[in-house]
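Bear in mind that the values in this text are calculations on the coordinates, not laboratory data. On a predicted model such as this, the values are computed, not experimentally measured, just so you know. No Cβ is skipped: glycine too gets one built from the backbone with ideal geometry, and neighbour counts run over all protein chains shown.
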Amino acid sequence: NKYFKTWSTNLVASTPENIQFNGVTGMYKVVIDADAAVKSITVSASPVNSWNPTNVYLVGTVNGWNAATAIPMTSLGNGKFEYTVALPAASEFKFLGQQSWGDLDWGNITADGNTGYLGPKGSNGNIKFDGTGGNYKISVNVKLGTYKIQPL
């Protein structure tokens, strides 16, 4: 492959510009190091084994960061959840797949703001609300890995 010097063992060279995944079906984390001296791609199993969890909970400044009392969100099906809440200015939060600090922990992997992309536990930061406070609908699509905060 002309783009990568090294890749993980679950990848094989296919055509001159393609790499084929030969691992088992599941959810994976893909890491690309584009540094000219490295040029590597690594695909490793994700602790998140489902894009469609039964429940998603909101934890953060709105509940004192207490995972045991994380707020259940309403399931819309197909990995989509939403919740309406009064958010104070400078609120921060994450999404959990259980009411504990377990493997299903999603946070922001992009710049701060009211829309963004989710990353799994160990590869994310807090979602930082960018607003003056008020009532908002928080939507998350675990399947697509996106979230949105909208004023009501």
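Brief remarks on what is shown
- Here residue 2 is the anchor, and the lysines within straight C-alpha reach of less than 19 Å, apart from those fewer than 8 places off in the same chain, are 39.
- Considering only the Cα atoms of the range 6-45, their convex hull presents on average a projected area of 3.0 nm².
- The chain - charge dipole about Cα centre, Lys and Arg +1 at Cβ, Asp and Glu -1, debye rounded to 20: 200
- GNM top mover of 32, 127, 138 - the chain, alpha-carbon springs below 10 Å: 32
- Here the Kirkwood formula, the inverse mean of 1/r across different C-alpha pairs, assigns the chain a hydrodynamic radius of 16.9 Å.
- Database remark: amide H of residue 146 closer than 5 angstrom to the amide H of 118, 141 (H placed geometrically; neighbours at sequence offset of 5 or more, or on other chains; Pro and chain starts carry no H).
- Loop sites in the range 96-151: chymotrypsin sites (Phe, Trp or Tyr not before Pro), DSSP, at most 12 other Cβ within 10 Å: none
- Residues residue 17 and residue 37, FRET efficiency given R0 of 22 Å [Cβ-Cβ distance, rounded to 0.05]: 0.55
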